[in-house]
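Here is the structure we will look at, set down as structure tokens.
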Amino acid sequence: MRSFRLFILLLAMSVIQTSQAAEKGTMGSSFFTVVFPYETFKGVPGGGIKTPQSVNLTSTQKASQVLDQAITQGMETLLVKITGQKRFLGSAVAQGYLKNAKAWLVTYDIKPRMEDGVQVGQNIVLQYSAPRLTAAFKQHRVDIWPLAQRPKLLVMGSFLYKGELLKMTEDMMRYRIDIEFRHYPQQMALPITLPESAQNWILPQVPNPSNALIRTVLQKANQDYLLSFKLIKREASTYALVWTVFAPSGVVVTKGQITGGDRPSLMQAMFDQVMQRYALLAKQTNSDVQKITLNVYDLVNADQMQEIEMRLKANQAMFNSIKLRSIQAGLVQYEIDYQGRYQNVVTWLRAWQIIDFIGESNNLHQVDVKLNPNFYDQLGLEKTASEKNLQGVQ
């Protein structure tokens, strides 16, 4: 009897230790480390942040102010990294962490930044308290984006300038540090891989790329999803960036476009949107609530959207709620809480005659459809020019 009790005790301890190890493995101390280039923070004589030993008495106060700035920015980076959602920074909970960022800092250090064995600069390394922050996040119910649920992205990036299209392969990027973009996703713990060759290249604006081709390139690279983007440099020192994320089935996970004069900021905005989409998918997967994302393409008039919404809301037996998530240039996206089986929802949507089915993903719980060109004929209506146009609405 005593040996049986001892066995149970050892088993319980094993479960606890395994659980703790898994948690540490998911968010270890290295996860709570933020690294910035030394030169990012100006204001101290000589540039950057000085180590305590090298700061002159006359510049101590200024160095402290710059260090405080780095610590706050480091906490901001860490919060986005943990949640995958930049919009979280606007919440009251996030503001509390940012206002007291120094209280969560364990150490900071200045270390050489090496490339190919040669020192090319210095980094400031900020180490925040993993145990205390983990406990605080649980207390404040912060939605953490687990490392295990972060997709491996194959990134096909293209750079268009003066009519020449450059494909950003692994080898090409060794010579084009002027368009380097990998630091930010690496800082966010988002796994990315560049193609080894320029064969079977998929551009973001291809209307319907071959599903077989997408599956082939992903399987060959051993990646989960494909992020394709095109960066266009214009004459007036401005850039345009368009991107699309494809699932192996060919379903579009997310897409967008943005313009501006600062290339790194545009790239960061793209990855922010990609992370937010996947973080929300992870949250839905971990929730008991059943959700589905419905993307409706080629919508141009308000009456078309009203007809779609009316049909969705009429099926109260299947849907608990229908929320309009976004409207952008011919694409309307809904978030739907449903009950029953996912496949029943797909079958029901397939039966609509006013839409054409594009594809669906059970893993993403996403359905893509487009408006039938004969939408008005199917309803027995005539298209009127007076309807409000939805094109270009953001």
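The values are calculated or read from the model by the stated rules, or taken from the named source; none is laboratory data. Model, not experiment: these values are computed from the prediction. Cβ: placed from backbone, ideal geometry, glycine included. Neighbour counts: every protein chain shown.
Taking the options 316, 268, name whichever one is part of a helix (DSSP H, G or I) and either over 30 Å from residue 160 (Cβ atoms) or not aliphatic (A, V, I, L, M) (or both).
On the way: 316 fails: part of a helix (DSSP H, G or I).
Selected residue: 268, the only one of 316, 268 that is part of a helix (DSSP H, G or I) and either over 30 Å from residue 160 (Cβ atoms) or not aliphatic (A, V, I, L, M) (or both).
Considering only region 106-142, state which residues are small (Gly, Ala, Ser) and out of contact with any Ser or Thr (no Cβ under 6 Å at 6 or more places or on another chain).
So in region 106-142, the residues small (Gly, Ala, Ser) come out as 117, 121, 129-130, 135-136.
117, 121, 129, 135, 136, listed by residue number.
How many residues does region 196-243 hold that are among the aliphatic types (A, V, I, L, M), under 24 Å from the mean Cα position of the chain (by Cα) and either assigned to a loop (DSSP other than H, G, I, E, B) or within 13 Å of residue 259 (Cα to Cα) (or both)? Reasoning before the result, please.
In the first step, residues of region 196-243 are kept if they are among the aliphatic types (A, V, I, L, M); the result is 198, 202-203, 206, 212-214, 217-218, 221, 226-227, 231-232, 236, 240-242.
Subsequent filtering for residues that are under 24 Å from the mean Cα position of the chain (by Cα) retains 202-203, 206, 213-214, 217-218, 221, 226-227, 231-232, 240-242.
Then keep just the ones that are either assigned to a loop (DSSP other than H, G, I, E, B) or within 13 Å of residue 259 (Cα to Cα) (or both); that gives 202-203, 206, 231-232, 240-242.
The qualifying residues number 8.
I need the full set of residues from region 146-159 which are at pLDDT 95 or above and either more than 18 Å from residue 193 (Cβ to Cβ) or aromatic (Phe, Trp, Tyr) (or both), in order please.
The one that is at pLDDT 95 or above and either more than 18 Å from residue 193 (Cβ to Cβ) or aromatic (Phe, Trp, Tyr) (or both): 159.
Quick check on region 39-60. Is at least one of its residues at pLDDT 90 or above, β-branched (Val, Ile, Thr) and outside any helix (DSSP H, G or I)?
Filtering region 39-60 down to residues at pLDDT 90 or above leaves none.
Looking through region 39-60, none of the residues is at pLDDT 90 or above, β-branched (Val, Ile, Thr) and outside any helix (DSSP H, G or I).
Select from region 126-144 the residues that are within 24 Å of the chain's Cα centre (by Cα) and either closer than 16 Å to residue 77 by Cα or aromatic (Phe, Trp, Tyr) (or both) and list them in ascending order. Talk me through it step by step, then tell me what you get.
Taking region 126-144 first, the residues within 24 Å of the chain's Cα centre (by Cα) are 126-128, 130, 133-134, 136-138, 140-144.
Correct list: 126, 127, 128, 130, 133, 134, 137, 142, 143, 144.
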